[in-house]
Amino acid sequence: MTTGTPPPGPQGGRKDHLRADGFTLIELIAVIIILAILALVATSGSGTLGGSEKARAAEVRGQLRFVQLRAMKTGAVWGVRFTASTYWAFNGTDPTLEGAYLTLPGENNATITLASKDITAMTLPSGPPYTIFFDGFGIPYTSYTSASVNTKLQNPAAIGIWAGGANATLTITPETGYVP
């Protein structure tokens, strides 16, 4: 039996013995989180450049949907009329009858000017003026004189909105009137 001192172990104790060259799982997760935050900051800056036209388009989309729902709720014809510089909602078949104008939610006036919404211009399917009617079922029409004299929207109607130097497009779907 030999006596003596045991052979020398690794310097620094057990921790150094278990650690191999490379990164720990915690270090990798920390680096991934930091990279994700940097990527989010880098991409969010470019998203604000096109925000104005998206906000205006969302507002007009909501107003079109409101008018369509109003028609469905009342069972009457409602519509929206667009001109070169204004638009308004109305009840009935005559978009020029000021007594039938509807002040939309969040608005102070029944007639909305594009300039007050920071909209530079609108491109319309035809016109201006361009009028879209909704019947009591929410079906869109391009003209509506009476229940028997009308013209259903045949093709998707694209309304372009220019704001903040960029544009967005709203499309009114035939038969359903859905505006995605």
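Observations on the structure shown:
- If the condition is being free of Cβ contacts under 8 Å to residues at least 24 places away in the same chain, surrounded by 13 or more Cβ atoms within 10 Å (Cβ to Cβ) and on the phi < 0 side of the Ramachandran plot, then the stretch 76-115 contributes PHE90, ASN91, ASP94, ALA100, TYR101, THR103, GLU107, ALA110.
- Considering residues of the stretch 144-165 that are assigned to a loop (DSSP other than H, G, I, E, B) and aliphatic (A, V, I, L, M) only, the residue nearest to ASP118 (Cα to Cα): LEU153
- Residue in the stretch 44-62 that is at pLDDT 95 or above, among the aliphatic types (A, V, I, L, M) and within 21 Å of the chain's Cα centre (by Cα) present: no
- ALA71 vs. criteria among the aliphatic types (A, V, I, L, M) and either in a loop (DSSP other than H, G, I, E, B) or more than 19 Å from TYR178 (Cα to Cα) (or both): no
- Selection count where residues are more than 15 Å from VAL77 (Cβ to Cβ) and not small (Gly, Ala, Ser), scope the stretch 93-152: 22
- Residue in the stretch 142-153 that is more than 19 Å from GLU59 (Cβ to Cβ), surrounded by 19 or more Cβ atoms within 10 Å (Cβ to Cβ), in contact with a strand residue (DSSP E or B) (Cβ under 7 Å, 6 or more places away or on another chain) and in contact (Cβ under 8 Å) with a residue 40 or more places away in the chain present: yes
- Boolean, ALA168 is within 24 Å of the chain's Cα centre (by Cα), surrounded by 20 or more Cβ atoms within 10 Å (Cβ to Cβ) and in a strand (DSSP E or B): yes
The values are calculated or read from the model by the stated rules, or taken from the named source; none is laboratory data. What you are looking at is a predicted structure, and each value in this text was computed from that prediction instead of being measured. Here the Cβ is made from the backbone with ideal geometry for all residues, glycine too, and neighbour counts use every protein chain on show.
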